[in-house]
Amino acid sequence: MKNKSIQNPKQWVEDGLKFTEVVCQEYSNCKFSAGFVEGHPVDTVYLQAEKDGVVTTDLLLRPDELATIAWVATGVLWSKQMELLGSSDSK
């Protein structure tokens with residue numbers, strides 16, 4: 001995970017909104033990033049996914065909505081881990 005705010009933050013303007021990338025995780029063929037949005041009446045953050053250089057998901061969110069995504073993603077990973085631990089106990 002890279003904190004882009006320490007280096008040169010990526011900024012751009014699209015549809016009258018100013019985007020600033022704050023953090024990203026890059027892989028060989030995809031990238032996940034998030035940052036701030038200025039100029040939207042409600043949404044102040046974004047979450048973006050790219051695959052092979054093409055943006056496949058671009059979400060404008062309120063902070064509580066982004067926190068909910070983190071919460072449900074953590075929940076599914078935790079549930080899978082507990083399932084795996086449970087299956088090793090039954091052997």
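A short reminder: the numbers here are calculations on the coordinates, not readings from a lab. Every value quoted in this text rests on a predicted model; they were computed, and no experiment measured them. Here the Cβ is made from the backbone with ideal geometry for all residues, glycine too, and neighbour counts use every protein chain on show.
For region 21-69, place one equal point scatterer on every Cα, skip the solvent, and apply the Debye formula. What is log10 of I(q)/I(0) at q = 0.18 Å⁻¹? Debye intensities relative to I(0), on a log10 scale: -0.55.
In debye, nearest 20, what is the charge dipole magnitude of region 2-89 about its Cα centre with +1 on Lys and Arg Cβ and -1 on Asp and Glu Cβ, if you could check? Mind showing how you got there, number by number?
Numbers: 8 positive and 13 negative charges, 53 e Å.
Taking the Cα centre of region 2-89 as origin, the dipole is about 260 debye.
Restricting the calculation to Cα atoms, the chain yields a radius of gyration followed by a Dmax of 16.6, 58 Å. Placing a pseudo-label 7 Å from each Cα along the Cα-to-Cβ vector at residue 42 and residue 56 gives an inter-label distance of 2.7 nm. Ordering 59, 78, 30 by the projection of their Cα atoms onto the charge dipole of region 2-89, which places +1 on the Cβ of Lys and Arg and -1 on the Cβ of Asp and Glu, puts 30 at the extreme positive end. Given the rule -39500 (n - 2.57) for each run of at least 4 DSSP H residues, summed and divided by the residues of the chain, what is its mean residue ellipticity at 222 nm, to the nearest 500 deg cm²/dmol? After summing the helix terms and dividing by residue count, I get -10500 deg cm²/dmol.
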